[in-house]
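The values are calculated or read from the model by the stated rules, or taken from the named source; none is laboratory data. As the structure is a computational prediction, the values presented were derived from the model and not from experiment. Note that we place each Cβ from the backbone using ideal geometry, even for glycine, and neighbour counts take in every protein chain shown. Side chains included, ligands, DNA and RNA excluded: accessible areas come from the protein's heavy atoms. Shrake-Rupley method; radii C 1.70, N 1.55, O 1.52, S 1.80 Å.
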Amino acid sequence: MFRKLLLIMGMLFALAACAAPAQNDPNSPVSNPTDRANQTPPPENPYQPLESDADLQRGEVFIESTDLLILESYPVQVNLVLKGELPTPCHQLRIAVSEPDEENRILVDVYSVSDPEQVCIQVTEPLDVTYSLGSFSGGSYTVIVNGEEAGQFDA
């Protein structure tokens, strides 16, 4: 039942992505097309590390499970599903994803940040996030989350 629901959600996501017209931002940086010939960049990361994080304390994220959702599209689109807990409701999730290395490993750093001066209830906060890693073509990839292999896929 759960896999069927994930498949339906993945198909709806792919359909929605295909329906939206692509818009080019004239202010976006120009990159060399040979730099990333085999993949397209992931969409904007709502959990990206911020400059203001320097004033915050880095903390853990208790990851209970990871899964890769491979969407039926060309090029292949990949979502990372993270389930677990944040240490408190005051912790903010951060996800930093590296470019694939020479061995096609995609390193994902998942952590939290919080204000150490903020008073917060000491109870864990549930975490259930589906995060787009982007589109990939041509190769076999391994996704590693916080040093643990989350899965592999072929594009």
Among the residues of segment 60-69, the number that are open to solvent by less than 60 Å² (accessible area, probe 1.4 Å) and among the acidic types (Asp, Glu) is 1
Looking at segment 98-130 only, could you name the residues that are closer than 23 Å to GLY147 by Cα, of a type in the set (A, V, I, L, M, F, W, C) and in contact with a Pro (Cβ under 7 Å, 6 or more places away or on another chain)?
ILE106
Hey, THR88 hits all of (1) out of contact with any strand residue (DSSP E or B) (no Cβ under 6 Å at 6 or more places or on another chain); (2) open to solvent by 70 Å² or more (accessible area, probe 1.4 Å); (3) not aromatic (Phe, Trp, Tyr) but one; which does it fall short on?
(2)
GLU117 exposed (fewer than 13 other Cβ atoms within 10 Å of the Cβ), touching a residue at least 60 places away in the same chain (Cβ under 8 Å) and within 22 Å of LEU50 (Cα to Cα)
no
GLU72 vs (1) more than 14 Å from the chain's Cα centre (by Cα); (2) open to solvent by less than 10 Å² (accessible area, probe 1.4 Å): all pass except (2)
Failed item, numbered, when ASP128 is tested on (1) closer than 17 Å to GLN48 by Cβ; (2) in a strand (DSSP E or B):
(1)
Check segment 93-100 and report whether any residue there is within 14 Å of VAL61 (Cα to Cα), open to solvent by less than 20 Å² (accessible area, probe 1.4 Å) and in contact (Cβ under 8 Å) with a residue 60 or more places away in the chain.
no
